[in-house]
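Taken together, the values in this text are just the output of simple stated rules run on the coordinates, not laboratory data. What you see is a predicted model, and the numbers here were worked out from it, not measured in a lab. Positions of Cβ are backbone-derived with ideal geometry, glycine not excepted, and every protein chain shown enters the neighbour counts.
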């Protein structure tokens, strides 16, 4: 639904990569000409006309580390995975989020990543723009969830995931806001 092309509408199956995207992880790659530091958005490729190429890794590249920055934003984070079966199942949808909330309930910074709905671990930056500076609460969370699916392209077989993912986003954000109280 997000990041698709004429060549590929498959969803990315990783749980860990979605959580890492919500935590602004950096992938450190050693190449013949030296070290390269990539955000997950830079590391994963949209399918376009080459769906067999999921990452920017080239022959001989080696991932040597994944780094997470120790930032206040990540102290309050949560991951939710919704699936058909309880064991060893890919996510129908998943949401990973981090919120930094001020004493007055204003969201000062947010990160939101989605799984099961995009061809890559999907950073919902449109939703983050809605959240940042807003007053934490159900109305703001629903607007952010709606913004996360701006431009989504569905089929009759996956259209149900839009509402399911929006509800997952709201639930994750409500969980984080409750932990701030």
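The radius of gyration of the Cα set in the chain, together with its Dmax, comes out at 16.6, 51 angstrom.
Please label the shape of segment 86-131 as rounded, prolate or oblate, based on the square roots a ≥ b ≥ c of the eigenvalues of the alpha-carbon gyration tensor (a/c under 1.5 means rounded; beyond that, a/b larger than b/c means prolate, else oblate). Oblate shape, in that a/c is at least 1.5 and b/c is the bigger or equal ratio. Translational diffusion coefficient of segment 118-181 (Stokes-Einstein, Kirkwood radius from Cα pairs, 20 °C, 1.002 mPa s): 173 µm²/s. Ordering 106, 119, 155 from the fewest to the most neighbouring beta carbons within 10 Å gives 155, 106, 119. Projecting label points 7 angstrom from Cα along Cα→Cβ for residue 178 and residue 39 puts them 3.1 nm apart. Taking other C-beta atoms within 10 angstrom as a stand-in for reagent exposure, 149, 43 fall in the order 149, 43, fewest first.
Taking other Cβ atoms within 10 Å as a rough exposure proxy, 101, 63 sort from fewest to most as 63, 101. Taking R0 as 45 Å, what FRET efficiency do you get between residue 167 and residue 46 from their Cβ-Cβ distance, rounded to the nearest 0.05? E(calc), rounded to 0.05, equals 0.95.
Just for the chain, what percent of DSSP beta bridges are antiparallel, to the closest 5?
So the antiparallel bridges in the chain amount to around 95 percent.
Against the empirical curve 2.2 N^0.38 Å, the C-alpha radius of gyration of segment 33-98 lands at a ratio of 1.47.
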